[in-house]
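One structure is given here, and the rest of the page talks about it.
The values are calculated or read from the model by the stated rules, or taken from the named source; none is laboratory data. It should be emphasised that the depicted structure is a prediction, and the values quoted were computed from it without experimental measurement. All Cβ positions, glycine included, derive from the backbone under ideal geometry; neighbour counts span all protein chains shown.
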Amino acid sequence: MTAYPLLVACHAGIGVIALASFWSAALLRKGSALHRRAGQLFLLAMSGILATGVPMAAYAWLVRGRPVIAAFLAYLLVITATGLWSAWRAIRDKHDVVRYTGPVYAALAWLSLLGGAGVLVLGLRVDAPLLSGFSVIGLVTGGLMLRKRRRPERLAARPRWWLVEHYSAMLGNGIATHIAFLGIGLPRLLPGIDGTALHYAAWFGPLLVAVVAKFVLDRRWQPRTAAAATTRAATSATPSLSAR
């Protein structure tokens, strides 16, 4: 086996570990020792994905002469690195929002934003809806991160802000893991099930599921202060309604 197929095999093997550890962390009780260990394994596996993905993107550009694929792979590496760093640092810096939104955060925000803009232009230029659609992730993520960096006090004022940042980033990493498996790995393992519908479902399906999951998690971890304020408002309104 030559160097590149070995690299691809290593990348795929690490991806299996990432997929298994992601679901282990998702299903285990949050905050437990096993949850933390599974999360740490997932972040280590994703680091391996990044380490092997960089030479794969370079190979697609320099050796295979496929700059569009190379650019898209590089973009995926950027948004994956952003989610990886945010998921890790949100826990480590939960008592220091200024440190969390420091220079590395700003650099990743700009890379995500510029990467999204570049992929959008590239997708429109080569008439690739997949590229254009996925540019939204970098554009939205980068824009939101820059806004949080400009006003870190607003982020810090949100109860459990670090938890929301953590699971939001982990969902983003989960999108990357499942897209790689469904859109790239599965068709190679089972060529008979490949097709246009599956192709787009594999790329956009995990994104849709992650959006729904974030909505559910945001409702579950709604700040108690907001819930308490709603309860107080309803309670104070009851005598007025009763008096009518």
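Tabulated values for the structure
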| quantity | calculated |
| --- | --- |
| Gly83 part of a helix (DSSP H, G or I) and closer than 24 Å to Gly39 by Cα | yes |
| Number of the condition not met by Tyr200 [criteria: (1) within 16 Å of the chain's Cα centre (by Cα); (2) modelled with pLDDT under 85; (3) under 19 Å from Ile69 (Cβ atoms)] | (1) |
| Gly53 of a type outside the set (A, V, I, L, M, F, W, C), over 16 Å from Ala169 (Cα atoms) and either free of Cβ contacts under 8 Å to residues at least 40 places away in the same chain or assigned to a helix (DSSP H, G or I) (or both) | yes |
| Test: Ala51 is within 26 Å of Met145 (Cβ to Cβ), at pLDDT 90 or above and surrounded by fewer than 20 Cβ atoms within 10 Å (Cβ to Cβ) | yes |
| Residue count, the range 56-80 (criterion: in a helix (DSSP H, G or I) and free of Cβ contacts under 8 Å to residues at least 40 places away in the same chain) | 10 |
| Residue in the range 124-133 that is among the hydrophobic types (A, V, I, L, M, F, W, C), buried (at least 18 other Cβ atoms within 10 Å of the Cβ), modelled with pLDDT of 90 or more and in contact with a Phe, Trp or Tyr (Cβ under 8 Å, 6 or more places away or on another chain) present | no |
| Hits in the range 95-114 - residues which are outside any helix (DSSP H, G or I) and either surrounded by 16 or more Cβ atoms within 10 Å (Cβ to Cβ) or in contact with a His (Cβ under 8 Å, 6 or more places away or on another chain) (or both) | Thr101 |
